[in-house]
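The values are calculated or read from the model by the stated rules, or taken from the named source; none is laboratory data. Here the structure is a predicted model, which means the values were calculated and not measured. Don't worry about glycine lacking a Cβ; one is built from the backbone with ideal geometry, like all the others, and counts go over all protein chains shown. Ligands, DNA and RNA are excluded from the accessible area calculation, which covers all protein heavy atoms including side chains. Shrake-Rupley method; radii C 1.70, N 1.55, O 1.52, S 1.80 Å.
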Amino acid sequence: MTNRSVTKTKEQVIETGLFVVAFMTVVFLMLILGFLLTRAWPAVQEVGLREFLTGTRWMPSSRTPGYGAFTMIYGSLMVATGALVVSIPWGLAVAIYISELAPAKVREVLKPTVETLAIFPSVVIGFIGLVVLAPWVARTFGLSHGLTAFTGVIMLSIMALPTIVSIAEDAIASVPQEFKEASYALGANKMETILFVILPAARSGVTAAIMLGFGRAIGETMTLLMVAGNALSMPTTRVLGLPLPNFFGSVRTLTATIAIEGLDVPWGSLHYSSLFVIGGILFTFTFAVNLVAEMVMHRKEV
Amino acid sequence: MESKQPVMSSRHISLWYDKTRALTDITMDIPEKQVTAIIGPSGCGKSTFLKTLNRMTDLNPAVKMGGFINFLDKPLQQYDVVELRRRVGMVFQKPNPFPKSIYDNITFGLRLQGVKKKSDLDAVVESSLRRAALWDEVKDRLKQSAMGLSGGQQQRLCIARALAVNPEVVLMDEPCSALDPVATAKIEDLILQLKQEYTIVIVTHNMQQAARISDGTAFFLSSQLVEYDTTVKMFENPGDQRTEDYITGRFG
Amino acid sequence: MSKYWQQKLFTIVVSAAALFSVGVLFFAVYWIAKDSIGVISWEFITDMPRRRMTEGGIWPAIVGTVYVSLLTMVFAVPLGIATAIYLNEYASKGWVVRMIRLAIRNLAGVPSIVYGLFGLGLFVSTLGLGHSLLSAALTLALMALPLIVSASEEALKTIPDSFREGALALGATKWQAVRHQVLPFALPGMITGSVLALGRIAGETAPIILTGAAYFYPLIPRSVGEQFMALPYHLYILATQHEQVAVVRPLAYGTALVLLGLVLSMSMGAILVRSYIRRRRTW
């Protein structure tokens, strides 16, 4: 009898232990968030969140310091958006090809090949951008150097590609066969079926893929650190009198700023704290993007 | 029906999966050392009822239950569930040997109880396999994977595995539904052998099978127990029109 | 344009996009390989960097990457597997479990540099672990955790319920069923999943820049409290930070190839083993 109760206690201990470990993930996330907030607080208090989000003068170690991070927010949004403009059509096309057009044998090779791109360390992608794409950009567009937002956009779109392909492909593959058959039975051809039946039916998954791709692009560090030039500027150009971002200028992203300045900054200084503000902005941003992607993905298809 | 002492008796058992009712007010006795068959169309609740008898239904958090079931002298809920499942063994619809050797499959339950001595384990392996009429077919390959056996052999292995922990009751959930006629005949012979020593409850959709091997038969229909009597009576002179309709093949 | 030609054009464009993505991959590998094959030699792999990194090899960076990745796994694998076991075998529905799943997905989405900043703030400065192998590995472990949880859960999901039921019906306790009839069969999948995560971790740069990777530290670390060199950071330095970037370019190519080779072979190996296990599976 006591043997039984010993076993029972042991079972209870194991279950509780496993729960505690699993719950640690929540603790870790809270710890990261809480830590970012407490370390960012001094700078927010001293400078004001408004200055961080809208100011354009970033000189935290100057004698007359400036903490405007808008330049970097601009840079981050610019390259991430640019990268998505390239990788959404590209990724969707690859996903459509894999799930609807490719012969079985090609599909078996193609999907893992695209997913292999996701394994490439970002520093290697950055290196390729640096030695291959940047000189080409400089030559082709007659620039003094090729470390531009455009270069970053191209390399980043390659990095976002696997995320978009793999989630969009899952979404497209899970569209019920009956939808396709119904469409063909109504006399639609393959292209019409894909564009007007399959893609709309898979839109939740496709939207989620785009959101996650965006989150990945905003959070990418090394590639942009190596190829986007890191200049604290907001390059613009005028097209028909309208100011538009100039992709052939250099930009610096939020992520690159932390990587560049994080190593030399004196711990506890206002500059140190301001880097945590930037970290907090990044965290909030990706958290929101992931949350929306999550909600979109789990929404019931209508 | 009351000729023998009941081993298990259910009283007003009702059961829901979330909001779906699966059993309604089931009251029946399971007599000792007999074969009790439960028949009925798909979805009538017969498998669910079987699973309440060793509390496998506890595994599904969506299940809510009312009523009680006695096993020998006390309700199932008063037993330690692990001990209960050892004493009320179960054989599943699809043969589910573990992907281990035949020997390890049979000894799994005993090892859990801490039996380590090789001579003890060997003895149980042989006696269980003999009782499951499988010994002669596998005695030379006890160390080989159970996954290499035929479907019928796998199911007899699962029966032997259940017998190895020396249960008092053996529950069988459509044990022949995945098997061919020859393998089915072997299992049926085996069941008739086993009732000398064990109380057996078998769920089946095959009425001929129920007629061939059982002493008592219960007919379930849409979550209710329609009729429960000796097998002879049920098949020759059923008391309820619905039983007769089902047995004569008018629906189901 | 007739419907027929529209469809033809559509097919061509879509196929070209797919082909192009494969082209990019092979082009990338080719471009690195063609300029680095000549650099790779036994000395390059096994030598210390010399003369302000303009000569010599990358041995400490290789060792550093291996050390930090393995140490990361020491922290992350047990936690990740235990979490997956809880989620797949024990957890019932409820808000706590939803919260755990949400936390895991969000951990997966946090940018790597934010992990680095967090590691700098907590492990390096607040806890006083300094720029060290330990700080870097703890930081990377947080990143690896969601990868390992999802890989392990996938492995557990492949085990049919009949294994669990079979064990429980024989009088096994919950843990005995998991321990004897679930884990042994899920373990190969968990290990290959962890190796895949290891490949991703080994290539990470941003988190270790701030937590322990050294610009130049031509020693093999003897304790977890020491700084270390790492291949990804070494490549970054040779490519952009070195004062003689042009002179060390061949070394950068060589480093890139070694890093890529290491990461790809780990991942490919894990994928091959996984498909082998799937084919061998008897249930």
Identify the residues of segment B:83-104 with backbone N under 12 Å of a label point that sits 7 angstrom from the Cα of residue B:137 along the Cα-to-Cβ direction, or state none.
none
Measuring from the longest principal axis of the C-alpha atoms of chain C, the long axis of helix C:59-85 (C-alpha) lies at a number of degrees, nearest 10, equal to 20
For a Förster distance of 45 Å, can you work out the FRET efficiency between the beta-carbons of residue B:11 and residue A:53, rounded to the nearest 0.05?
0.05
When all protein chains stay in place, what accessible area (Å², nearest 10, 1.4 Å probe) is found for residue A:41?
140
Hey, quick one: spin label on residue C:216, modelled 7 Å out along Cα-Cβ, who in segment C:36-54 has an amide N within reach, i.e. under 15 Å?
C:48-54
Eigenvalues of the alpha-carbon gyration tensor of the protein assembly as shown, times 5 and square-rooted, give semi-axes in Å, largest first, of 62, 31, 26
So how much accessible area does residue C:243 have, in Å² to the nearest 10, using a 1.4 Å probe?
110
For residues of B:78-86, the mean tally of beta carbons on other chains within 10 Å:
4
Based on the alpha-carbon set only, what is the convex hull volume of segment A:145-302 divided per residue, in Å³?
165
Please determine, in degrees from 0 to 90 and to the nearest 10, the orientation of helix B:181-194 with respect to the longest principal axis defined by the Cα atoms of chain B, where the helix direction is its Cα long axis.
90
Comparing B:90, B:172, B:65 in a Gaussian network model of chain B (Cα, 10 Å), the one with the largest mean-square fluctuation is B:65
Ignoring ligands, DNA and RNA and using a 1.4 Å probe, state the total buried accessible area between A and C in Å², rounded to the nearest 100.
6800
If I require 30 Å or longer along the helix axis, counting alpha carbons, and a Kyte-Doolittle average no lower than -1.0, what helices from chain A are left? Use full DSSP H segments.
A:2-47, A:70-96, A:149-173, A:270-298
Which residue, A:79, A:123, A:251, has the most motion in a Gaussian network model of chain A that connects Cα atoms within less than 10 Å?
A:123
Ignoring everything but the protein chains, give the 1.4 Å probe accessible area of residue A:172 in square angstrom, nearest 10.
0
To the nearest 10 degrees, how steep is helix B:102-112 against the longest Cα principal axis of chain B, on a 0 to 90 scale?
80
Within 10 Å of each Cβ in A:178-191, how many Cβ atoms from other chains are there, averaged over the peptide?
1
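When Cβ neighbours within 10 Å are restricted to other protein chains, what is their mean count per residue of peptide C:202-212?
The mean count of partner-chain Cβ atoms within 10 Å per residue comes to 5.
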So for chain B, using the alpha carbon gyration tensor with a ≥ b ≥ c as root eigenvalues (a/c under 1.5 gives rounded; past that, a/b versus b/c decides prolate or oblate), I'd call it prolate
For segment C:132-272, count all C-alpha to C-alpha pairs, find those more than 28 Å apart, and express that count as a whole percent of the total.
38
Candidate lysines for bridging to residue B:195, where Cα separation is under 27 Å - those fewer than 8 sequence places away on the same chain excluded
B:4, B:33, B:46, B:51, B:74, B:94, B:139, B:186, B:233
So for segment B:173-245, averaging the separation of alpha carbon pairs under 8 Å that are six or more residues apart and normalising by length, what relative contact order in percent results?
21
What list of ³J(HN,Hα) values in whole Hz, one per residue of segment C:240-246 in order, does the Karplus curve 6.51 cos²θ - 1.76 cosθ + 1.60 (θ = phi - 60°) give from phi, with Gly and Pro shown as x?
10, 9, 5, 6, 10, 3, 5
Using a Gaussian network model of chain B with C-alpha springs under 10 Å, which one of B:72, B:221, B:179 is most mobile by mean-square fluctuation?
B:72
Summing -39500 (n - 2.57) over every DSSP H run of at least 4 residues in the protein assembly as shown and dividing by its residue count gives a helix-only mean residue ellipticity at 222 nm, to the nearest 500 deg cm²/dmol, of -19000 deg cm²/dmol
With the solvent-accessible surface defined on protein heavy atoms using a 1.4 Å probe, which residues belonging to segment B:143-167 display a reduction of at least 50 Å² in accessible area in the multichain context relative to the isolated chain?
B:147
On each of the three principal axes of the Cα atoms of chain C, give max minus min coordinate, whole Å, ordered largest first.
70, 69, 35
